[in-house]
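The values are calculated or read from the model by the stated rules, or taken from the named source; none is laboratory data. What you see is a predicted model, and the numbers here were worked out from it, not measured in a lab. Cβ: placed from backbone, ideal geometry, glycine included. Neighbour counts: every protein chain shown.
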Amino acid sequence: MKSTFTTKLLRPATPGNDDSWAFLILPKTASDTLPRRGRTTVMGTLNGHPFQATLEPDGQLSHWLRVHKELREAASACIGEVVTVEISPIEAEPEPPLPDELQKALAASAAAKATWEDTTTIARLDWIHWIESAKQAKTRKQRLESACEMLAAGKRRVCCFDQSGHYSKSLSAPQAAE
């Protein structure tokens, strides 16, 4: 199902080492047409320019989109302006890129790797998201270790992880600069 909406392109208050990106928050009505509240990949257009991207959950049962400089420039979209966005979910979620530390951990455990390879793409996306959503390096390391232990024990899905961030408030859209 295709959703078309307008929204403001925002500058993040804390962009990290790369201050060239912007973001937008999807209206809840657009998010409601998507297949899941967690990370989900869409095809779409920004001011008519095509893109494919993975939306992040905003903790409010909606999603947000990181807009890289290249997409902004191709779409003639300036930060602070209202842009027109059209999105639709892709037919099959693409395989998520494997973080280096997870790749190394799976290589060190044949049992964990076997379960990993036997899970669905969505389950792998959720495992990665659970690990990456840790705000502190210590927590991320603990989650990585726990993930490998659970996978080695045959556990195919991460439990107790709210992919939307709504109930745990662990995920949110960036804060916009004033």
Exercise. Mind listing whichever residues of the range 120-171 are at pLDDT 90 or above and polar (S, T, N, Q)?
Key: Thr120, Thr121, Gln136, Thr139, Gln142, Ser146
Exercise. Consider Leu151 carefully, then state whether it is among the aliphatic types (A, V, I, L, M), outside any loop (DSSP other than H, G, I, E, B), crowded, with 17+ Cβ neighbours inside 10 Å and in contact with an Asp or Glu (Cβ under 7 Å, 6 or more places away or on another chain).
Key: no
Quiz item: Is it the case that the range 42-55 has a residue that's under 13 Å from the mean Cα position of the chain (by Cα) and under 15 Å from Ser164 (Cα atoms)?
Solution: yes
Quiz item: Looking only at the range 122-169, which residues are within 13 Å of the chain's Cα centre (by Cα) and touching a residue at least 60 places away in the same chain (Cβ under 8 Å)?
Solution: Ile122, Leu125, Asp126, His129, Gln163, Ser164, Gly165
Exercise. Go through the range 84-102 and give me each residue that's under 17 Å from Arg156 (Cα atoms) and loosely packed, with under 13 Cβ neighbours inside 10 Å.
Key: Glu95
Quiz item: Just for the range 127-145: of the residues that are of a type outside the set (Gly, Ala, Ser) and part of a loop (DSSP other than H, G, I, E, B), which one is farthest from Gly38 (Cα to Cα)?
Solution: Gln136
